[in-house]
Amino acid sequence: MSGKSKTNCIGILTSGGDCPGLNAAIRAIAKAAINEYGMKVIGIQDGFRGLVENRVISLDNNNISGILTRGGTFLGTSRDKPHKMMVGGKIMDMTGAAVENLKKHQIDCLVCLGGGGTQKNAMRLMKEGVKVLTLPKTIDNDIVETDVSFGFDTAMGIAGEAIDRLHTTATSHHRVIVCEIMGHGTGWLTLGSGIAGGADVILIPEIGYDIQIVSDFLLERRKSGKRFSIIALAEGAKTHEEMEKLTRDAEKASREAKKDNKDKKEAKEGKDKKDKKDKKDKKDKKEKTPSGDVFFDETRENMPVVVKKIDSELVAYHAVQEPVASRVARQIQEYTGVEARVTSLGHVQRGGIPSVSDRLLCSLLGAKAAELLADGIYNVMVAYRSGNCEPVAIEKVAGFRKTVDIDHPWIKAARLVGTCFGDKN
Ligand code: F6P
């Protein structure tokens, strides 16, 4: 055991969507913290919900042993946020309970393993005076300030292997296969696995696609004698028009927010004026609700919703249920006449054992986390940069998202080998 640690007790939780490597990271932090620095380590179950509900277990050399290669998280996880938690059917701010429970267990620092949402939750607690330290976890690879997040390599490998397997069946049947890949709002997973798997078309959220361009590309391939095609499609991919609409809507929302601020100021000058505005808003809303149009629901991550008038009185809102891959496959069949099939990889990408590369990354990040904690360094995320693990201030990470730059070397390389991105480039 090395010299005295500045941290006596830590709590570890895993939050957000699970991924391979979480157990490897817990193991590395706990082993180093307990055996090298003599810290007490408490495992918090099911993410921030377990913290609020005070569900904890003591971690020791027995229960952190044998978990390096195990997928998922043995602590359990949830997508709950302390400041907006569903309790007894109501959304409540449970930050106070979270802070209290940390105090109860004399936890000096809360170690949070998670993606973008977790980084934000950790920062919120930090602002309440809790000392935190985070690790970058997500198959989406969208965390800023780190070269890579753990879970990404494994998921990319699974998606890459799926694309390999789809090749043989697509070839046999002379089909187009659309393979839907996770990644939330970013295209890292689809791009990486698509390039490595040799997908002919890669559609990602960062590049709006045109189905006509994709279809023409597929027909060209057929003409040249290639009788099958694989499309790697990110779950968040959007058409060029959808992207333009999102930009327009965002601009409109920001204009309206500005206008709203101005109106609020003016409202102070007289209630009558405000009443008049309310009436106008109501009228505008009614007039702006066309029948059968597609809108994007900001409260549900811009999920498309169809607004449809079903009689003169009633307006029905339908979430568009057709998954993006089905839509793309259907349109390709319509445009090209070529038989198309869909494979949606879904949570398969998050399951199973972590890759060797992820296990290595988790071990490096976890060990570094323990070292930083022993040195009394808090309120940082342990990032992986150019082969080193380094602390980065949480404020630089929380609330930001790493998207694929359209000039990224991966995109450039893919274009050079003839991959179609569905754009005019
Ligand atoms: O963030 C990881 C991720 O797997 C995304 O790629 C995906 O959009 C989302 O989580 C799925 O979430 P859930 O498991 O809650 O359905």
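Summed over the stretch 224-245, residues that are surrounded by fewer than 16 Cβ atoms within 10 Å (Cβ to Cβ) and among the hydrophobic types (A, V, I, L, M, F, W, C) total 0. Tallying residues that are in contact with a Ser or Thr (Cβ under 8 Å, 6 or more places away or on another chain) and either surrounded by fewer than 22 Cβ atoms within 10 Å (Cβ to Cβ) or closer than 19 Å to THR95 by Cα (or both) within the stretch 19-36 yields 1. Pairs linking a residue in the stretch 181-201 that is assigned to a loop (DSSP other than H, G, I, E, B) to a residue that is within 16 Å of the ligand (Cβ to nearest atom) and of a type in the set (Ser, Thr, Tyr), with Cβ atoms under 6 Å and 6 or more positions apart or on different chains, are GLY183/THR190; THR186/THR403.
Looking across the stretch 57-71, just one residue is β-branched (Val, Ile, Thr) and free of Cβ contacts under 8 Å to residues at least 24 places away in the same chain, and that is ILE57. Can you find a residue in the stretch 357-377 that is surrounded by fewer than 20 Cβ atoms within 10 Å (Cβ to Cβ), within 16 Å of the ligand (Cβ to nearest atom) and either aliphatic (A, V, I, L, M) or not in a loop (DSSP other than H, G, I, E, B) (or both)? No, because not a single residue in the stretch 357-377 is surrounded by fewer than 20 Cβ atoms within 10 Å (Cβ to Cβ), within 16 Å of the ligand (Cβ to nearest atom) and either aliphatic (A, V, I, L, M) or not in a loop (DSSP other than H, G, I, E, B) (or both). With ALA398, ALA393, ALA414 as the choices, which residue is of a type in the set (A, V, I, L, M, F, W, C), more than 21 Å from THR239 (Cβ to Cβ) and surrounded by 18 or more Cβ atoms within 10 Å (Cβ to Cβ)? Step by step, each of ALA398, ALA393, ALA414 is checked, and only ALA398 is of a type in the set (A, V, I, L, M, F, W, C), more than 21 Å from THR239 (Cβ to Cβ) and surrounded by 18 or more Cβ atoms within 10 Å (Cβ to Cβ).
Do you know which of the residues in the stretch 87-144 that are among the small types (Gly, Ala, Ser) and more than 13 Å from the ligand (Cβ to nearest atom) is nearest to MET381 (Cα to Cα)? Out of the qualifying residues, it is ALA122.
Based on this model, can you work out whether ILE204 counts as crowded, with 21+ Cβ neighbours inside 10 Å, within 15 Å of the ligand (Cβ to nearest atom) and farther than 22 Å from GLY352 by Cβ? Answer is yes for this residue.
Every condition in (1) under 25 Å from GLY197 (Cα atoms); (2) without any contact (Cβ under 8 Å) to a residue 40 or more places away in the chain; (3) in a helix (DSSP H, G or I) is met by GLN331 except one, and the failing one is (2). Taking the stated definitions as given, is ARG350 at negative phi and surrounded by 16 or more Cβ atoms within 10 Å (Cβ to Cβ)? Taking the combined requirement at face value, the residue satisfies it.
Based on this model, can you work out whether ARG350 counts as closer than 20 Å to SER193 by Cβ and out of contact with any strand residue (DSSP E or B) (no Cβ under 6 Å at 6 or more places or on another chain)? Yes: the conditions hold for ARG350. One residue is enough: does the stretch 145-167 have a residue meeting the conditions of a type in the set (Lys, Arg), in a helix (DSSP H, G or I) and either within 16 Å of the ligand (Cβ to nearest atom) or surrounded by fewer than 24 Cβ atoms within 10 Å (Cβ to Cβ) (or both)? Yes, there is a match, as at least one residue in the stretch 145-167 is of a type in the set (Lys, Arg), in a helix (DSSP H, G or I) and either within 16 Å of the ligand (Cβ to nearest atom) or surrounded by fewer than 24 Cβ atoms within 10 Å (Cβ to Cβ) (or both). The single condition among (1) of a type in the set (D, E, K, R); (2) surrounded by 19 or more Cβ atoms within 10 Å (Cβ to Cβ); (3) not assigned by TED's automatic domain parsing to the domain that holds ARG70 that ASP140 does not satisfy is (3). Checked against the criterion of being in a strand (DSSP E or B), in the same structural domain as LEU364 (by TED's automatic domain parsing) and of a type in the set (D, E, K, R), the stretch 114-124 contains not a single residue that satisfies it. Only one entry of ILE42, ILE67, ILE57 meets the criterion of being assigned by TED's automatic domain parsing to the domain that holds PRO136, surrounded by fewer than 24 Cβ atoms within 10 Å (Cβ to Cβ) and farther than 30 Å from HIS83 by Cβ, and that entry is ILE67. Of the candidates GLU241, GLU206, the single residue that is among the charged types (D, E, K, R) and assigned to a loop (DSSP other than H, G, I, E, B) is GLU206.
Of all residues in the stretch 9-26, those that are assigned by TED's automatic domain parsing to the domain that holds VAL41 have Cβ atoms under 7 Å from Cβ atoms of residues that are among the aromatic types (Phe, Trp, Tyr) and within 13 Å of the ligand (Cβ to nearest atom), 6 or more apart or on another chain, in GLY21/PHE150; ALA25/PHE150. Screening ALA232 against (1) assigned to a strand (DSSP E or B); (2) aliphatic (A, V, I, L, M); (3) within 30 Å of LYS104 (Cα to Cα) leaves a single unmet condition, (3).
The values are calculated or read from the model by the stated rules, or taken from the named source; none is laboratory data. Computed from a prediction, not measured in an experiment: that's the story for all the values here. We place every Cβ from the backbone using ideal geometry, glycine too, and count neighbours over all the protein chains shown.
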